[in-house]
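A short reminder: the numbers here are calculations on the coordinates, not readings from a lab. From a predicted model like this one, the values you see are computed outputs, not experimental measurements. So basically every Cβ, Gly included, is an ideal-geometry build from the backbone, and we count neighbours across all protein chains shown.
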Amino acid sequence: MTVTGYSDVINHAFAFAAKHHDRQVRKGTKLPYLTHPANVAVILTRYGRDNDTVIAGILHDVIEDCVRDGYTREMLEQRIGDKFGAKVLDTVLGITYRRHDDDGVELSSEERKADYLRRLGSASEEARWVCAADKIHNASSIITDLRRTVDPETVWGRFGGGKAATAGWYRQVYERLREVGFDAPIMAELGQVSSELDALAR
């Protein structure tokens, strides 16, 4: 793909994400939500991932967070598949938290996390890359905020379960990715940030 073609499709993905994340901010901050998928895309690009994986990184939270303003989950899935292709959609779905199980039963917060970890076992290589980049940016953002605040509890308080559960979640994702055989170079960085977060939670 030419540089121009690459830029066009990436810009299209950013425009799509910006439209659907409009007015959303990062938890506990005033930062536009789009800063997160943008950073996930940067991380994936830094590791030389292909076009579809970077696009999936940009769009990875759209289905999970943007069922509003007349858009159903099914509509968002259709739009992503139509605009960016089945591979991008499959990657996004591979790491989208499910609110209901296969029988339509609503999942609790803890059940959603357990379901997410379980599905990493059957997720594609691309989905695992996006998962790792997503968790690296989220954990790094928490670490940055903790290091510049005089009251760490204001940061930990953004997350349900407090610091032990929050730090533990990133460690769980890292360990699950290792368990399912994902040994890509990005895992060293994910292991480092999850260890840093563990240390700050003590």
Take each of the peptides 88-98, 156-166, average the number of other beta-carbon atoms within 10 Å over its residues, and list them starting from the highest. 88-98, 156-166
Label-to-label distance, nm, for residues given as ALA184 and ARG68 (7 Å Cα→Cβ offset): 2.9 nm
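Which FRET efficiency value, to the nearest 0.05, do you get for ASP198 and ARG118 by plugging their Cβ-Cβ distance into 1/(1 + (r/R0)^6) with R0 = 22 Å? Walk me through the numbers on the way to the answer.
Details: r = 23 Å, r/R0 = 1.03.
So, using R0 = 22 Å, E works out to roughly 0.45.
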Among GLY70, ALA38, ALA86 the positive-end extreme of the charge dipole of the stretch 33-107 (Cβ point charges): ALA38
Using a 7 Å offset from the Cα along the Cα-to-Cβ direction at both ALA164 and THR45, what is the distance between the two label points in nm, to one decimal? 4.1 nm
Mind putting a number on the dipole of the chain about its Cα centre? Charges go on the C-beta only, +1 for Lys and Arg and -1 for Asp and Glu, and I need it in Debye to the nearest 20. 640 debye
